[in-house]
Every structure is written in C-alpha cells, then in structure tokens.
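Below is one structure, written out as structure tokens; comments come after it.
The values are calculated or read from the model by the stated rules, or taken from the named source; none is laboratory data. Since this is a predicted model, take the numbers as computed values, not measurements. Cβ: placed from backbone, ideal geometry, glycine included. Neighbour counts: every protein chain shown. Surface areas here come from the heavy atoms of the whole protein model, side chains and all, with no ligands, DNA or RNA. Shrake-Rupley method; radii C 1.70, N 1.55, O 1.52, S 1.80 Å.
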Amino acid sequence: MRTPSIHPAPPQLANAKQQTLDLRDETGRQYRSKDPALWKNLNRVLRIARVKTASALILLIACCGAARAQGTTCAQPGTLTSATTGTVLDNRLPPRTSACVQFRLTYFSTGFSALSIQLEGAPDNNGAAGTFAAIPSTFVTQGSNPSTDLNGEIQVNNYYPWIRVKVVSVTGSGTIAYTLNGINATVARSGTGTSSGRIGPTGATGATGATGNTGATGAAGTVGATGATGATGATGATGTGTPGATGATGPTGSGGGSGLLPWNPAASTPPVLSNWTQVNGGGNGTFTDVTAGILINSTSGNNWKYVYVSPGASGTAFTVTALLAVYFQPNSQQPGAGITIGDTGNKFLSWMLGTTTGNIPQLRLERWTDSTTFSANPFAVNVYGTTQIWLRVNYDGSGATNTLSFQVSPVGAANTFSARTTEAVSTFLASNPAKVGFGCSSQNSGNPVLCELVYWSVTTP
C-alpha cells in the first residue's frame, strides 16, 4: 500500500478560518476539510514535528471528529394555546455531529378540559422536513402517542431527522407548556443496563484481521472464536479465517458507572401520591401520578406546593436522595423546586434548584415559616446548564452534632455527592426533622413551575 503525501501544504496556515485542507495520495485520491479546529491542530503539528505524511493528518482528523461527537443533547421548551404544532427540531447529520435518538416530552396544561398531544417525526427531503407523522407505538417506551392526559409525558426511542410536538385537538381555551428533551447514543445508560449501546463502524478491509475482504462481523461461534469481546459490548477484533455470519453481541458493559438516565431510574420504584401527605400552599397547585414518579404544578403565588413522608423515629440519622426534573418559564421572581425538610410544626427548609432575578439557574437553601411565608435564604450559588438535578440531605442525628448537610451531584452515583453548605437543626427548625419531601414554588411570578420526582430514596444507618 502506498503512503499518501501532501501536495502541497498551503502557505497561509495561520489564516485557519479561510483555508481548505487538500490532501492527495500518490494514486490521485483527494481528501478535503474546512474544519477550523483541524487547521488549528495542523499548525501545531507542522510547527513542532514538521509532519510530512497524510497518515498523521488523517489521525488528527479522526481525533478532532471524535472529540466533537461526545455529549450532544437536544432540548426544546415551548408553549401552545390551540390545536397546532410546535417549533420543528432539526436532528439531521449534518449539521449535527451526533444526532439524538431518544426523546421525552413532558407537558402540563391549564384551562383545557380535554386535549390530545403527540410526538411526530419526518424524513429529510433535500434539506427540509418531509411529511410528518405520529411516531408509531412500537417506538414508545413510556406513556402513549398520542396522549390525552391533561398533564403527562411521552417517551420514544428512535431516530428521525426532523421531530416536532403537535397538539391534535383541545376542548376549551387554555395553555399547554412543554419541554422536549433528547439524548444521543453516547449518553451512559443505567449501571443495571439492558443493552450494549451502538456498535461502531467496521474498520477498513484488512485493518483488524488477517483475511482479505472484511465481510460480515465475526463468526457466530462462542465468544472468543472471533477475538476478544469489547469491554462494553462493542464488536471484538475480526478473527482469522473465512468471515462468517454476524456474531452475538458482547456482554453489557458497566453503563457509565451506575449513573442513571433522568427518565429511567432503574434503581428505584416510582412513588405514588397515596403514600404522601400533600401541602397545597395558596390552594392553586396540582399533584399528579405519572409513569416515572410524581408531578407537581405550582401555577402562581408566593407559596410552596409540596408532599412529604416521615423519615423515621425522631432524632434518628437519615439520608434522603432525589432526582428532580424542573421546568421554569422566564421571570424575575426567583422560582424553584427541591427537597423539603420540616419540623413537627409548619416550618421547613428547602434545598432547591431555582433561578435568580436575572433568570440564571441557582442552587439555594431557603427557610420558610410555613408554606406561604418566606423567611430567609442563607445560601445561594449560581449554576449553569441544568434542568435535572440530583440533590441530597444528610442528617447526622440528635446523638451526634444534630446537623443537616446539603449536597449535590452531577450524576447521582456513589461518591459523587458534594456538600455545599450545612446548618444546625436548632438554627431555624423548632424540633428534630419530622418530615421529608419535595415540591416547588412559582414565587409570585405568574408563570407556572413544573417539577417531577423521578428518583427517591430515604436510608438510615
């Protein structure tokens, strides 16, 4: 095989945004790229090592492409007031470097007495969306499509170049607020995993095995006959001999180290409202059992809507952990949602994700005299880029320091929670903690706050 060479290197490498990289091998085959990141890295390589072979450049292209392909997600909030469609989400490859393949629609309504809402997908038609149609039930993993619940969710698992939300019909007048979230194939699945993820493309002929043409993947024999199985179920190295039928997929990997997809908390049993006590501060909140857990809609007012249970005997140490999915509409009144810790009376602390007066996400600890009377917020710090958050409160018990530790984690896995602040129980609460729960408040904004509990755990030593 001949080694490709550069014919010639462009002289103005510093002008990265205006250059096109042209590579030719000795057979005349041409390789071209306008990627600015590639130019930046190419300059560095040429300056340090004076690289003269296209094989090094091709490796650089692969590295840049791989780095860019990690972690792409799709998110689209919206509000609809009639039987119409939302903004179309462009999920093509390209312009995306990694498309979303699993979508979850969370919505709630006010005013309507009945409705029908669905997720639709469309093929690509020369750079524009083709004909949209409801995503078939065979790809629906939670809820139903269409859904006729006034508040609810739809989750699907399939790829479409174009996707949108459609309100099929409504009865009466009102508003539907929704958030459409999507993930791509690189997001880690639950540690209990039931799938092995996507298998990467087959390498070039001869690159991974001694035989000529690559053919179909691996032999169908027992594991090992076609080479070692990949650590996470990826296709093993091509074995020697004549290529056979597609081999069995390798065993499921660790799934990203026990992190959980926000809408698939396999480690918990979804709670139901009948086991909780409801506090509807201001009287205008709604509480709903949904597939993944409990949904609370705080429509307006400077008050809290929350539910709670008992953590156990008074003074006994405990740890409460929750994963919350939160929806805010822009406002300047500092709404929020989070874990609540209450005494035997009406006082409670809220460890929460909220927003600032400038609509920046913020992690806060608030004190409330009761569900309608705010007292103070002794801790607040701005955070960025999240509407789903893992929160934890640890109580060391009356036999120790009688202190509450307020913690947060990016993934919810063991040893990933970090304490952000602490408070002695006697600082504000009138007794040892007697109530643990979750809820949300719109803080007089006039805009609703939607919070969904999709993971919940209370443990004692």
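Going from most exposed to least, what order do T316, T288, T357 have by accessible area with a 1.4 Å probe?
T357, T316, T288
What shape does the stretch 365-426 take by its C-alpha gyration tensor, where a ≥ b ≥ c are the square roots of the eigenvalues and a/c under 1.5 counts as rounded, a/b above b/c as prolate, and the rest as oblate?
Note, shape of the stretch 365-426 comes out oblate.
Quick check: net charge around K435, other residues with Cβ under 12 Å of its Cβ, Lys/Arg +1 and Asp/Glu -1? Could you put the intermediate results ahead of the total?
Numbers: positive: K347; negative: D343.
Around K435, the charge tally is 0.
Sorted by mean Cβ packing within 10 Å, highest first, what order do the peptides 371-377, 393-399 take?
Taking the mean over residues of other Cβ atoms within 10 Å, the ranking is 393-399, 371-377.
Dipole magnitude of the stretch 303-461 about its Cα centre, charges +1 at Lys/Arg Cβ and -1 at Asp/Glu Cβ only, in debye to the nearest 20?
Dipole about the Cα centre, nearest 20: 80 debye.
Computed FRET efficiency, Cβ-Cβ of T291 and S169, R0 30 Å: what is it to the nearest 0.05?
Working: r = 22 Å, r/R0 = 0.74.
With R0 = 30 Å, the Cβ-Cβ based efficiency is 0.85.
Once ligands and nucleic acids are excluded and a 1.4 Å probe is used, how much of D90 is accessible, expressed in Å² to the nearest 10?
50
Compute the signed sum of charges (Lys and Arg +1, Asp and Glu -1) over the other residues within less than 11 Å, Cβ to Cβ, of G143.
-1
Net charge around M352, counting only other residues with Cβ within less than 9 Å of its Cβ (Lys, Arg = +1; Asp, Glu = -1)? All intermediate terms of the calculation are to be shown ahead of the outcome.
Values: positive: R364; negative: E366.
Summing Lys/Arg as +1 and Asp/Glu as -1 gives 0.
Just the projected area, averaged over all directions, of the convex hull on the alpha carbon atoms of the stretch 337-461: how many nm²?
8.0
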